Amino acid sequence: MVVLIGADVHKNSHTFVAVDAAGKQIGQITVRATHSGHEKAYRWARKSFIEQDRQWGVEDCRHLTGLLERDLLAHGEPVVRVPAKLMARQRATARTRGKSDPIDALAVARAMAREDDLPTAFTDEQAREVKLVLARREDLVAERTRVINRLRWHLHELDPEVDPAPRALTHRPAQERVRELVEASEGIVAEIAGMVLADLERLCSSISELDARLRVMVREVEPVLLEIPAARSCRPRRSSPRPPGSNGSRTRGSTRCSPAALRSRSGQARPRGESV
């Protein structure tokens, strides 16, 4: 006999409902979403269903289930991931007033009973580390885009003719020229622009460090990925092919950020909301 244990996971607590092969509920427990809580759930299942094979199921939302999966797999317990769409109909028919965690956990367990080919959870620490570093990099890039947009507005207030390209501002030469302009200006706007520029330099430095770390990590896990054009952001900039039409002596970003006080060429103004 196989016991199917569905889990409804939240940030602070997990609720588990066990069913038999026919989908009949035969047990339930709620624990804290911690290592000790996961250990309590494992001991409950081992004691309650000692002579049955067990299979655990979690809704496929890994930012909440990752720790639970790793703790269960460490005990040798099989875990499957249940797509949310498989529980939608069950939730709609079983929803009642009051706390819904047991209902959602039951929906997961019954989805397991209906489906035979659910994906199996497994631990891959290297892939998980790459994902965490990449997520951090994406957060910093998004913040850098916001900082660049704020900086461009401050520069516009200092001198409406100054319009550096957003991509150019991710590089040190453009940042140095902006600093010269800011330091040559007076007033609170120039002061704040200098603070924003410092934030931008810090973000660019952090992103570069993460890029270097990602290159090393990806090379260890799957070096062939570095040869895919879409993955070239993880490769050293000097190894990237020159853009079409480049003469090899100057990049497009550097021409838009000329020494002439970062002034736009006539008729080539870009929208303020352009993102990096």
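The values are calculated or read from the model by the stated rules, or taken from the named source; none is laboratory data. Here the structure is a predicted model, which means the values were calculated and not measured. A quick note on method: Cβ atoms are made from the backbone with ideal geometry, for glycine too, and the neighbour counts reach across all protein chains shown. In case anyone asks, the SASA skips ligands and DNA or RNA and just uses the protein heavy atoms, side chains included. Shrake-Rupley method; radii C 1.70, N 1.55, O 1.52, S 1.80 Å.
Find out how many positive minus negative residues lie around ALA22, taking Lys and Arg as positive, Asp and Glu as negative, among other residues whose Cβ is under 12 Å from that of ALA22.
Numbers: positive: LYS24, ARG110, ARG114; negative: ASP20.
After counting each charged neighbour, the total is +2.
What net charge is computed for the residues neighbouring ARG81, neighbours being all others with C-beta under 12 Å from the C-beta of ARG81, Lys and Arg scored +1, Asp and Glu -1? Write down the numbers at each step before the final one.
Numbers: positive: ARG62; negative: GLU59, ASP60, GLU69, GLU115, ASP117.
Here the charged neighbours net out to -4.
Once the cut-off is 17 Å, how many percent of the Cα-Cα pairs in the stretch 94-212 end up in the long-distance tail?
Result: 67 percent of Cα pairs exceed 17 Å.
Using label points projected 7 Å from each Cα along Cα→Cβ, tell me how many nm separate SER48 and HIS75, to one decimal.
So the two model labels end up 1.2 nm from each other.
Fully extended, how many nm does the chain gain between SER13 and ARG219 (0.36 nm per residue separation, minus their Cα-Cα distance)?
This chain segment gains 70.4 nm when fully extended.
Length gain on complete extension for the stretch ARG150 to GLU125, per 0.36 nm per residue less the alpha carbon to alpha carbon distance?
Additional length available on full extension: 5.2 nm.
Compute the length gained on full extension between VAL133 and ASP211: take 0.36 nm times their separation in residues and subtract their Cα-Cα distance, giving the result in nm to one decimal.
Values: separation 78, 0.36 × 78 = 28.08 nm, distance 0.91 nm.
Roughly 27.2 nm would be gained on extension.
If you line up the Cα atoms of the stretch 8-94 on their principal axes, what length do they span on each, largest first, in Å?
Computed over the Cα atoms, the extents are 32, 31, 19 Å.
Where only protein heavy atoms count, and the probe is 1.4 Å, what is the accessible area per residue for the stretch 1-57 in Å²?
Spelled out: the 1.4 Å probe surface of the stretch 1-57, per residue, equals 53 Å².
Of all accessible surface on the stretch 136-219 at a 1.4 Å probe, what whole percent is carbon and sulfur?
Ligands and nucleic acids excluded, carbon and sulfur give 49 percent.
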